[in-house]
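J.: Dropping the structure in here first, questions after.
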Amino acid sequence: MRKQRTSWQMRRQTVCSGESLWSTPSLHSSPRDTSYTSAMISKLVYESNRVFSVFGYAMSHGVLLLRSGKSNETPTTRVDIMFQDVRALEIRMWFKGIRIEEVDPSYLDGQKSKPEEMIEPGNIVYALTSSRWQGFIVAGIVRFHEDDGDLFGPSAIVESPPIKRWTVG
């Protein structure tokens, strides 16, 4: 029997339990973020001190999966974060702690890749913050799931691809 928690329960647990990495004033210290912290309104979507990594991307529906596997600190569960309809992103391959916020599209101002041109109706700008690093994902929805699955086991929130994946070898 798998232990499962909804995204609302996970968000409530992480936000209400005081689990946070964001107590240092240097959280938004780059010049890009000055307007963000003073003028922009953001909505906290998810926050955790777990280690996450990019686990997969499927181009057919623009699905990006970030995963935090079981570890010494969290030996019984893994967490999946899925972004769907990904249009643009600037992220690292792994995160020590993660904070995800919905932000105004002006958060993207000054990006050389001009990601604001990729925004279509229904897309949201998500600001990602980790230990001394910030990035973004322009996508539709984001979902979360925590269970007791194995690191390489299937995700409960990502549908199987309609075609066989390519493999090397």
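Quick note: the coordinates plus some simple rules give every number you see, no bench work behind them. What you are looking at is a predicted structure, and each value in this text was computed from that prediction instead of being measured. Here the Cβ positions follow ideal geometry from the backbone for every residue, glycine too, while neighbour counts run over all protein chains shown.
J.: Any residue in the stretch 89-107 that is assigned to a strand (DSSP E or B), out of contact with any Gly (no Cβ under 8 Å at 6 or more places or on another chain) and small (G, A, S)?
T.: yes
J.: Only one of (1) free of Cβ contacts under 8 Å to residues at least 24 places away in the same chain; (2) more than 12 Å from the chain's Cα centre (by Cα) fails for V125. Which number is that?
T.: (2)
J.: How about the stretch 50-86: which of its residues are over 14 Å from the mean Cα position of the chain (by Cα) and among the charged types (D, E, K, R)?
T.: Hits for the stretch 50-86 are K70, E73, R78.
J.: Just to be sure, is N72 surrounded by fewer than 16 Cβ atoms within 10 Å (Cβ to Cβ) and either touching a residue at least 60 places away in the same chain (Cβ under 8 Å) or not acidic (D, E) (or both)?
T.: So N72 fits the description; yes.
J.: Among the numbered criteria (1) assigned to a loop (DSSP other than H, G, I, E, B); (2) of a type in the set (A, V, I, L, M, F, W, C); (3) surrounded by 20 or more Cβ atoms within 10 Å (Cβ to Cβ), which one does F52 miss?
T.: With (1) assigned to a loop (DSSP other than H, G, I, E, B); (2) of a type in the set (A, V, I, L, M, F, W, C); (3) surrounded by 20 or more Cβ atoms within 10 Å (Cβ to Cβ) applied to F52, the lone miss is (1).
J.: Here's a follow-up. So for the stretch 129-140 (the condition being under 25 Å from I41 (Cα atoms), hydroxyl-bearing (S, T, Y) and part of a loop (DSSP other than H, G, I, E, B)), does at least one residue qualify?
T.: Yes: the stretch 129-140 contains one or more residues that are under 25 Å from I41 (Cα atoms), hydroxyl-bearing (S, T, Y) and part of a loop (DSSP other than H, G, I, E, B).
J.: Still on this structure, I have one more. Please specify each residue of the stretch 124-146 satisfying the condition of being surrounded by fewer than 18 Cβ atoms within 10 Å (Cβ to Cβ) and at negative phi.
T.: S131, W133, G135, G140, I141, R143
J.: Still on this structure: What's the number of the only condition in (1) outside any loop (DSSP other than H, G, I, E, B); (2) buried (at least 19 other Cβ atoms within 10 Å of the Cβ) that G149 fails to meet?
T.: Failing condition for G149: (1).
J.: Turning to a different aspect of this structure: Of (1) exposed (fewer than 13 other Cβ atoms within 10 Å of the Cβ); (2) without any contact (Cβ under 8 Å) to a residue 60 or more places away in the chain; (3) closer than 22 Å to S48 by Cα, L89 satisfies all except one. Which?
T.: L89 satisfies every listed condition except (1).
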